Every structure is written in C-alpha cells, then in structure tokens.
1. Could you give me the residue pairs with C-beta distances under 7 Å whose first residue belongs to segment 216-238 and is under 13 Å from residue 164 (Cα atoms), whose second residue is surrounded by 23 or more Cβ atoms within 10 Å (Cβ to Cβ) and modelled with pLDDT under 95 wherever it lies, and which are 6+ apart or on separate chains?
2. Against the conditions (1) touching a strand residue (DSSP E or B) at 6+ places or on another chain (Cβ under 7 Å); (2) surrounded by fewer than 17 Cβ atoms within 10 Å (Cβ to Cβ), where does residue 249 fall short? Just the number, please.
3. Filter segment 95-123 for residues that are in contact with a helix residue (DSSP H, G or I) (Cβ under 8 Å, 6 or more places away or on another chain) and over 18 Å from residue 298 (Cα atoms) and give the result.
4. For residue 134, are the conditions met, namely being assigned to a strand (DSSP E or B) and touching a helix residue (DSSP H, G or I) at 6+ places or on another chain (Cβ under 8 Å)?
5. Being of a type outside the set (Gly, Ala, Ser) and more than 30 Å from residue 112 (Cβ to Cβ) is true for just one of 49, 30, 61. Which residue is that?
6. Of 109, 124, 97, which residue is over 18 Å from the mean Cα position of the chain (by Cα) and free of Cβ contacts under 8 Å to residues at least 60 places away in the same chain?
7. Given the criteria small (Gly, Ala, Ser) and modelled with pLDDT of 95 or more, does residue 120 qualify?
8. Tell me, which strands (runs of 3 or more DSSP E) lie completely within segment 150-269 with 2 or more residues that are closer than 26 Å to residue 20 by Cβ and not assigned by TED's automatic domain parsing to the domain that holds residue 30?
Amino acid sequence: MPATPTACRHLLSLFDLSPEEARTLLARGTELKAMRCRGEDYRPLRHCTLAMIFEKSSTRTRVSFEAGMAQFGGHAIFLSPRDTQLGRGEPIEDAARVISRMVDVVMIRTFDQETVECFAAHSRVPVINGLTNRLHPCQLLADMQTYFEHRGDIRGRRVAWIGDGNNMCQSYMEAARLLDFSLRIGCPAGFEPDAQLLSAGAGRFTVVHDPLEAARDADLIATDVWASMHQEGELENRLDLFSPFQVTDAVMAAAAPDALFMHCLPAHRGEEVAASVIDGPQSVVWDEAENRLHVQKALLEFLLVPGP
C-alpha cells in the first residue's frame, strides 16, 4: 500500500506542477494507456480510497476517476451535497479534517476555487481540483496528452481558444506558461478571461475579438460551451453575442493545415462548434475524452506512490 505522503502534494492548478513534472505526467499517461491496451495488471493503489466530492454534476470526471481507481486496485466513494454535511453547512475546514483522516486522496468538483484551496489547506492527504469556475486542470492534462500523442511536444506551437474566457480558457492560459506555447484567445468583447491572469502572462497571450484572426496558423483550436454549468440562465442572451464565434470549417481553414480540434465536452453541435468540425477528420475529441482516464491515473500515481 502506498504510504500517505508526509508533505502533501495537491493539484489545485497546473502551477502545482513544474514543467518537467507536467511532461513526465503526460508521458506516463500515454504509457499507462498502452499498458491497459496490452491487458497488463498494474494495481499500485490496492487498499487505497479516493473520496470524490461533487457539488457540480459530471460524466467524464466521475467515470474517469472511478474507473481509474478500480483499474489501479483501489476504491472510489462518490459524495454529493445531499450525501454529506457539506450540503448542510459544515465548514469546509472541518470536512477536510475528517474526510482526509479516512481516505488517501480527495477529488473535488465545485464552484469556487477558494473551496478546493481551503479544503487542501486543512487536508492530510492530496487534493485534486476536478473543476471549479476558475480552472479545470485535469482536463488540460488530458488535452495536452492528446496533443503530444498526435503531434509531439507542444512547446513553441500556436494554440487558439475560441469562445468564452471561462475556466477552460484560463487553464489553457496556465498550460501556455507551463509548457511554453503561445495562446491566442478569440472571444466576444466583455467575455475575456481574468484580467490578473492576462497580466501575469503578458507576452504569452493575445486577446482578439475575431475568430478567424484567433485561428490564423494555429496548430490546435479548442472551444467549450458558451454558457458553463453555473451560467445556464445566461445562454439565451449569449447566443447572439457568441454566434460569430462558432468553430466552423472556415475557422479551421484559417488554422494550420494539420491543426487539431478539441472540445472538453459535452458539445452543442450548431452552437459553439459545427457538426462538420467536431465529427470531422481534424477532431480528436474522443481521444481527448478517453485521456482523462489515463492522465488522471498518472496523476494519482504521482501523488500517492512513493518514488524510487
């Protein structure tokens, strides 16, 4: 059984990894994927338990973490606000102190970044950010693993983010700084990402309000829904503003000839992306979705299994 780390490592943002650690994780995700394809029995987390706290619903996050723990020989516990005292006002600090005495690692999918940071500050075990309104680091690890598998290292490449300056966009901003690529953000005026994040990466990012300009010569084009889970009530008002930012065949044509298309899913064909793009030959969204499983297994191994 892996020893519980004495000095906890967490993944609350991509900046909790060094560039070297990030690249090692991506390579390990691909290696674990190959091992699974070969049918190898590798169970480094026998008798380990992952607590999965979901204040936001999920398909890919729940299935990938739960399946990953099972494949590693461990166990995952699903907790919603209805199942815990968190939903009845228990302080985050108290929940962290209790839960972390009973499990080996915690994954939290919630609204505020401050929630995962507070939980981690009072946890005795590693804490993983499964998504907040600010960041989605696990998805970016999967995106980067997918790019590396199809095109090699992303260092020095051009990436276009088209759509809302949301948590995915902001994690792409972190990835650009961590893995050394340039990022052009194409979004409607007023929907830019966090100003502090923009200023912190000055020279690494460009914000434009034209999707074709954002896509020009890009090696990767990524997008997401126009209204995130906490913004459903805004969708009707956003449709007109965002409709020029749909990723269409014309947008893909402005990119490099071998550009890849990614979407973290679920996707709304005919809104943020045309069906001909997401179902077309440049789309790698299914590999991207699968890689959540593999790179998160690499992350769990990194956080829980002592090194040589």
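1. That search, which allows pairs on different chains as well, returns 235/226; 238/226.
2. (1)
3. Passing the criteria: 95, 96, 109, 110, 111, 115, 118, 119, 120, 121, 122, 123.
4. no
5. 30
6. Working: 109 fails: over 18 Å from the mean Cα position of the chain (by Cα); 124 fails: free of Cβ contacts under 8 Å to residues at least 60 places away in the same chain.
The unique qualifying residue is 97.
7. Criteria met by residue 120.
8. In segment 150-269, the matching strands (runs of 3 or more DSSP E) lie at 158-162, 182-186, 220-223, 260-263.
The values are calculated or read from the model by the stated rules, or taken from the named source; none is laboratory data. In this text, all values refer to a predicted model and were calculated from it rather than measured experimentally. Note that we place each Cβ from the backbone using ideal geometry, even for glycine, and neighbour counts take in every protein chain shown.
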